[in-house]
Amino acid sequence: MKNNKIALVTGSSRGIGRAIAIRLAKDGYKVIVHGAGRIEKAKETAEIIKNNGGEAEVIISDLTDLSKTAELCEKIKNVDVLILNASLQYRTPWQEIPQKECFEQLNCNFISSLMLIQAAVDNMKQNKWGRVVTIGSVQEAKPHPDMLVYSASKAAQTNMVQSLSLQLAKDGITVNNVAPGVIYTDRNVEALSDPEYAKKVTDSIPVGFYGEPQDCEGIVSLLCSDEGRYITGQNIFVDGGKSVQ
């Protein structure tokens with residue numbers, strides 16, 4: 001059943017973002033599917049939603065380019081739900097990180113998140129209802145040695161969530177972070193194809209297996225619902241226990 005609300009899910013052309021977009025469409029939201037440049041993949045997500053009876057549109061914007069983020073901000077001022085899932089991740093030893101990699105990750109993983117929230121929040125305030133969910137990472141608690149900027153940018157995003165949750169609570173807007181652990185997506189297929197490395201990873205997960213993108217959709221659905229109205233300012237790990245290992 002449609003609920004007459006609009007949800008933007010950044011990075012929803014694949015992986016966790018796609019699973020969340022499909023779930024929110026099932027929950028009744030009109031979903032704006034976002035991709036960085038692979039419009040075919042974004043269209044696939046939208047087509048899945050439409051085939052399930054949902055409503056979706058596609059928008060393309062490279063969030064590593066803040067001028068493109070600014071253009072996107074002008075197009076999403078009517079959204080009720082903002083899921084900030086898009087992220088960029090480089091594996092580079094910390095002493096070798098070039099400025100370009102640093103800026104691209106910070107732009108995509110933190111600054112664009114702030115800009116999109118700034119753009120969307122006025123409509124939420126007017127309606128006295130809004131949901132913002134950022135997608136973080138278990139690396140906030142267990143940083144990978146070769147992903148220093150990625151880990152730091154995700155931690156910064158969560159700090160922003162906690163600050164904004166206090167400032168926006170009186171307006172009926174909840175702001176939360178969901179931090180996935182090892183989720184089997186195309187981002188890590190290559191790394192996990194090495195049996196030795198894969199065993200090392202699974203040994204570090206208390207439940208003993210990788211998650212799937214669908215393991216992240218339920219908590220996001222709850223946080224975006226009226227049933228989740230009393231949850232704000234939280235950092236919720238979906239990681240098989242890895243963050244407390």
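The values are calculated or read from the model by the stated rules, or taken from the named source; none is laboratory data. Since we're looking at a predicted model, the values are computed, not measured. All Cβ positions, even for glycine, are placed from backbone atoms using ideal geometry, and neighbour counts span all protein chains on display. For the accessible areas, the whole protein counts, side chains as well, though only heavy atoms, and no ligand, DNA or RNA atoms are used. Shrake-Rupley method; radii C 1.70, N 1.55, O 1.52, S 1.80 Å.
Applying the Karplus relation 6.51 cos²θ - 1.76 cosθ + 1.60 with θ = phi - 60° to segment 83-100 yields 3J(HN,Hα) values of 10, 9, 9, 4, 7, 10, 9, 10, 9, 8, x, 4, 6, 10, 5, x, 4, 4 Hz, where x marks Gly and Pro. Of 210, 230, 150, the order by accessible heavy-atom surface (1.4 Å probe, DNA, RNA and ligands excluded), from most exposed downward, is 230, 210, 150.
Could you order 68, 128 by accessible surface area, starting with the largest, using a probe radius of 1.4 Å? Please report the intermediate quantities before stating the final value.
Details: 68 85, 128 120 Å².
Largest to smallest exposure gives the sequence 128, 68.
What the phi angles of segment 206-221 give under the Karplus curve with 6.51, -1.76 and 1.60, with θ = phi - 60°, is a coupling list of x, 6, x, 8, 6, x, 10, x, 5, 5, 9, 6, x, 5, 5, 4 Hz, glycine and proline written as x.
Summarising the amide proton neighbourhood of residue 58: residues at separation of 5 or more, or on other chains, whose placed amide H is nearer than 5 Å comprise 33. Per residue, segment 183-245 exposes 61 Å² of solvent-accessible protein surface, assessed with a 1.4 angstrom probe and all protein chains in place.
Which of the residue pairs 142/199; 26/242; 100/242 have a Cα-Cα distance greater than 25 Å in the structure shown?
On the way: 142/199 18 Å; 26/242 30 Å; 100/242 31 Å.
Beyond 25 Å between Cα atoms: 26/242; 100/242.
The 3J(HN,Hα) values that the Karplus relation (6.51, -1.76, 1.60; θ = phi - 60°) gives for segment 192-200 are, in residue order, 7, 6, 7, x, 5, 5, 4, 5, 4 Hz. Gly and Pro appear as x. The convex hull drawn around the Cα atoms of segment 115-245, when projected onto a plane and averaged over every direction, covers 8.5 nm². Calculated mean residue ellipticity, 222 nm, the chain: -12000 deg cm²/dmol, from DSSP H runs (n ≥ 4) at -39500 (n - 2.57) each, averaged per residue and rounded to 500.
Roughly what percent of Cα-Cα pairs across the chain reach past 31 Å?
Details: 5428 of 29890 pairs.
Across the chain, Cα pairs with separations above 31 Å total 18 percent.
State the percentage of accessible surface on the chain attributable to carbon and sulfur atoms; use a 1.4 Å probe and exclude ligands, DNA and RNA. Its accessible area is 51 percent carbon and sulfur atoms.
Annotation: amide H-H contacts under 5 Å for residue 5 (H modelled 1.01 Å from N, sequence separation of 5 or more, or interchain): 30. Excluding same-chain neighbours fewer than eight residues apart, the aspartates and glutamates reachable from residue 41 by a Cα-Cα span under 16 Å are 57, 62, 186.
Taking every pair of Cα atoms in segment 76-117, average 1/r, invert it to obtain the Kirkwood radius, and report Rg/Rh to two decimals. Each step should come with its number before you reach the end.
On the way: Rg = 13.1 Å, Rh = 11.7 Å.
Reported Rg/Rh, Kirkwood definition of Rh: 1.12.
Take 216-222, 239-245 and order them by the average number of nearby Cβ atoms within 10 Å per residue, most first; the result is 216-222, 239-245.
For a Förster distance of 25 Å, can you work out the FRET efficiency between the beta-carbons of residue 171 and residue 71, rounded to the nearest 0.05?
On the way: r = 26 Å, r/R0 = 1.04.
Approximately 0.45, to the nearest 0.05.
Close amide H pairs (under 5 Å, H built 1.01 Å from N) link residue 237 with 179, residues at least 5 positions away or on another chain. Projecting the Cα positions of 224, 133, 73 onto the charge dipole of the chain (unit charges on Cβ atoms of Lys, Arg, Asp and Glu, taken about the Cα centre) puts 224 furthest along the positive direction.
Across the protein chains, with a 1.4 Å probe defining accessible surface, the residues 34, 144 rank 144, 34 from largest area downward. Think of each Lys and Arg Cβ as +1 and each Asp and Glu Cβ as -1; about the Cα centre, that makes the dipole of the chain roughly 580 debye.
Of interest is the spacing of the C-alpha centroids, which for segment 29-87 and segment 150-176 amounts to 21 Å.
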